[in-house]
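Novice: My questions will all concern the structure given below.
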Amino acid sequence: GEDVEQSLFLSVREGDSSVINCTYTDSSSTYLYWYKQEPGAGLQLLTYIFSNMDMKQDQRLTVLLNKKDKHLSLRIADTQTGDSAIYFCAESENRDDKIIFGKGTRLHILP
Amino acid sequence: DGGITQSPKYLFRKEGQNVTLSCEQNLNHDAMYWYRQDPGQGLRLIYYSQIVNDFQKGDIAEGYSVSREKKESFPLTVTSAQKNPTAFYLCASSVGTGHTGELFFGEGSRLTVL
C-alpha cells in the first residue's frame, strides 16, 4: 500500500536553514503536502505542490520534488524559534482521494 | 471566524465507559474526518464522511462509531470495545469533491483512560 516516510527528529540552530525530507512510495501521487503541528494543537497546511512541478517557493519556505526518486523536501530559511513544531509530509493520488500522512518530523531549534 | 471546534479539549474516562467527542464546523465543508494521533505514529484515519447521512470506515475504525446527521457536526464515540483508547483525537474537514484536498483541523481532544 501507499507509504510516506520521514525522519522523526531534526535539530537546527536558530538562523540556519532547516531541511525536512520525505519519501513516498505511490508513483500515482498527484498532490504532495506539508502540514505543521504546533504543541497541543491541530495541523495546519503550510504548502502543497502538484506532481508536475519541481519546486515551489513561498516566502521562507521552499518545496523541492524529485518525482523520479519519489522524494519531497521542505526547506525553511532563517529558522526561527516559532518554527519549532512537528512537520508532516502527506500525499494523495487525486483531489478526492484519501490523504496519506507520514509520521511527522519534530523540528527542534537550538539557540 | 470560521473554523472547527472540538470539545472537550481534555477528557478522562474509566475503563468500560463510552465517551463521545464533539466536532463542529462552520466552514460549510462537505467532508469531515476523524484521526487518531499517537506519539511516533503519525495520523491514522478512523472514520470519514463526504456527505450528510453517509460515512465510511478508515484504517482503524474498530471500537469507534460516528454519525453525520447534520453537515456541521461529526461526533465520534469511543466505545468500551476500543482496547487502547488513550490518544490525541483530531477532527478535520475539507471542501470535498473537486478541491486540492486541503484539510482544516480542529485543536484536538486528548482522551486518557484511567
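The values are calculated or read from the model by the stated rules, or taken from the named source; none is laboratory data. In this text the structure is predicted, and so the values were computed from the model without any measurement. When we count neighbours, we look across all protein chains shown, and the Cβ atoms used for this are built from the backbone with ideal geometry, even at glycine. The protein model used for the area step is the full one, side chains on, heavy atoms only, and it has no ligands, DNA or RNA in it. Shrake-Rupley method; radii C 1.70, N 1.55, O 1.52, S 1.80 Å.
Novice: From zero outward in steps of 5 Å, how is the percent of C-alpha pairs of chain B spread across the bins?
Specialist: Taking every Cα pair in chain B, the percentages come to 2, 13, 24, 26, 19, 10, 4, 1, 0.
Novice: Follow-up. Please report the carbon-and-sulfur percent of the accessible area for chain B; probe 1.4 Å, protein heavy atoms only, DNA, RNA and ligands left out.
Specialist: Carbon with sulfur: 46 percent of the solvent-accessible area.
Novice: Can you give the FRET efficiency to the nearest 0.05 for A:SER11 and A:GLN57, using r as the Cβ-Cβ distance and R₀ = 22 Å?
Specialist: Efficiency at R0 = 22 Å is approximately 0.35.
Novice: Rounded, prolate or oblate: which one fits the protein assembly as shown, using the alpha carbon gyration tensor with axes a ≥ b ≥ c (rounded when a/c is under 1.5, else prolate when a/b beats b/c, else oblate)?
Specialist: prolate
Novice: Kindly compute the accessible surface that chains B and A hide from a 1.4 Å probe when together, both sides summed, and give it to the nearest 100 Å².
Specialist: 1700
Novice: Pull up all non-local amide H partners of B:ALA31: gap of 5 or more, or a different chain, and H-to-H distance under 5 Å with H placed in the peptide plane.
Specialist: Amide H neighbours of B:ALA31: B:SER94, B:GLY96.
Novice: Here's something else I'd like to know. Would you mind working out the accessible area per residue for chain B, using a 1.4 Å probe, and quoting it in Å²?
Specialist: Accessible area per residue, chain B: 49 Å².
Novice: What does the structure give for A:39-46 when I average, per residue, the other chain Cβ atoms found within 10 Å of the residue Cβ? Let's see the in-between values first.
Specialist: Numbers: counts 0, 5, 5, 15, 10, 4, 6, 0.
For this peptide, the per-residue mean of nearby foreign Cβ atoms is 6.
Novice: Carbon and sulfur atoms: what percent of the 1.4 Å accessible area of the stretch A:22-98 do they account for? The partial results should precede the final answer.
Specialist: Details: 1610 of 3680 Å².
Answer for the stretch A:22-98: carbon and sulfur cover 44 percent of the accessible area.
Novice: Could you work out, residue by residue across A:55-62, how many beta carbons of other chains sit within 10 Å of that residue's beta carbon, and then give the average as an integer?
Specialist: Average per residue, whole number: 0.
Novice: Over all distinct Cα pairs, what is the inverse of the mean 1/r for the stretch A:38-111, reported as the Kirkwood hydrodynamic radius in Å?
Specialist: Numbers: mean 1/r = 0.0728 Å⁻¹.
Across the stretch A:38-111, the inverse of the average 1/r is 13.7 Å.
Novice: Counting pairs of alpha carbon atoms under 8 Å apart in space and at least six apart in sequence, what relative contact order in percent does chain B give?
Specialist: Reported relative contact order: 35 percent.
Novice: Shifting gears a bit: Through the Karplus equation 6.51 cos²θ - 1.76 cosθ + 1.60, θ set to phi - 60°, convert the phi angles of the stretch B:11-27 into ³J(HN,Hα) values in whole Hz; use x for Gly and Pro.
Specialist: 8, 10, 9, 7, 4, x, 9, 7, 9, 10, 9, 9, 9, 10, 10, 10, 8
Novice: For the protein assembly as shown, what is the number of Lys pairs with C-alpha distance below 19 angstrom, counting only pairs 8 or more positions apart or on separate chains?
Specialist: 13
Novice: How big is the gap, in Å, between the Cα center of the stretch A:21-49 and the Cα center of the stretch B:1-29?
Specialist: 24
Novice: Hey, can you rank B:35-41, A:98-104 by average C-beta count inside 10 Å, highest first?
Specialist: The most tightly packed comes first, giving A:98-104, B:35-41.
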